[in-house]
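Only one structure is covered here, and it is reproduced in the block below.
The values are calculated or read from the model by the stated rules, or taken from the named source; none is laboratory data. What you see is a predicted model; the values in this text were computed from it and never measured. No Cβ is skipped: glycine too gets one built from the backbone with ideal geometry, and neighbour counts run over all protein chains shown. With ligands, DNA and RNA removed, areas are computed over all heavy atoms of the protein, side chains included. Shrake-Rupley method; radii C 1.70, N 1.55, O 1.52, S 1.80 Å.
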Amino acid sequence: MKKNILGAWGEMIAKKYLENKGYSILETNWHYHHREVDIIAWQKNKLVGVEVKTRKNYTDLAYTVLKSAQVHRIRLALKAYCFLHYLNYDESRLD
C-alpha cells in the first residue's frame, strides 16, 4: 500500500473512532504555513489536536514515533488555530 493511501486510510479510521467517542470533528489536515494538524476536534469544551501515524507494522510504541521537533511544529499549528478562532490554547491538548 502506498504511503499516502495508508495515511489517508489511517486518518479516516481515526476520525470515525473519535466521532464514535463523542468528538466533533472541526477540521482535517488543517494547515498553517508549513505546519499541519491531522485532525482538530472538540470534546467536552476542549479543543483537541490529533496527529495520526499509521503503520503497517506495530513494532514501535506510539509515544516513540514523533520526534520533539515534530511535536513542536504540531503545537505551533494548534496554537495558531486557537489564535485564529479565539480559543484558549492553554485549555487545548494534543493527542
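Per-structure values
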| quantity | calculated |
| --- | --- |
| Count - residues of segment 36-53 that are part of a loop (DSSP other than H, G, I, E, B) and open to solvent by 30 Å² or more (accessible area, probe 1.4 Å) | 4 |
| Matching residues, segment 20-32, being without any contact (Cβ under 8 Å) to a residue 40 or more places away in the chain and either closer than 19 Å to Ala69 by Cα or among the aromatic types (Phe, Trp, Tyr) (or both) | Tyr23, Asn29 |
| Looking only at segment 6-35, and only at residues there that are part of a loop (DSSP other than H, G, I, E, B) and not charged (D, E, K, R), the one that is most open to solvent (accessible area, probe 1.4 Å) | His34 |
| Residue count for segment 64-87, restricted to those that are in a loop (DSSP other than H, G, I, E, B) and either touching a residue at least 24 places away in the same chain (Cβ under 8 Å) or surrounded by 11 or more Cβ atoms within 10 Å (Cβ to Cβ) (or both) | 4 |
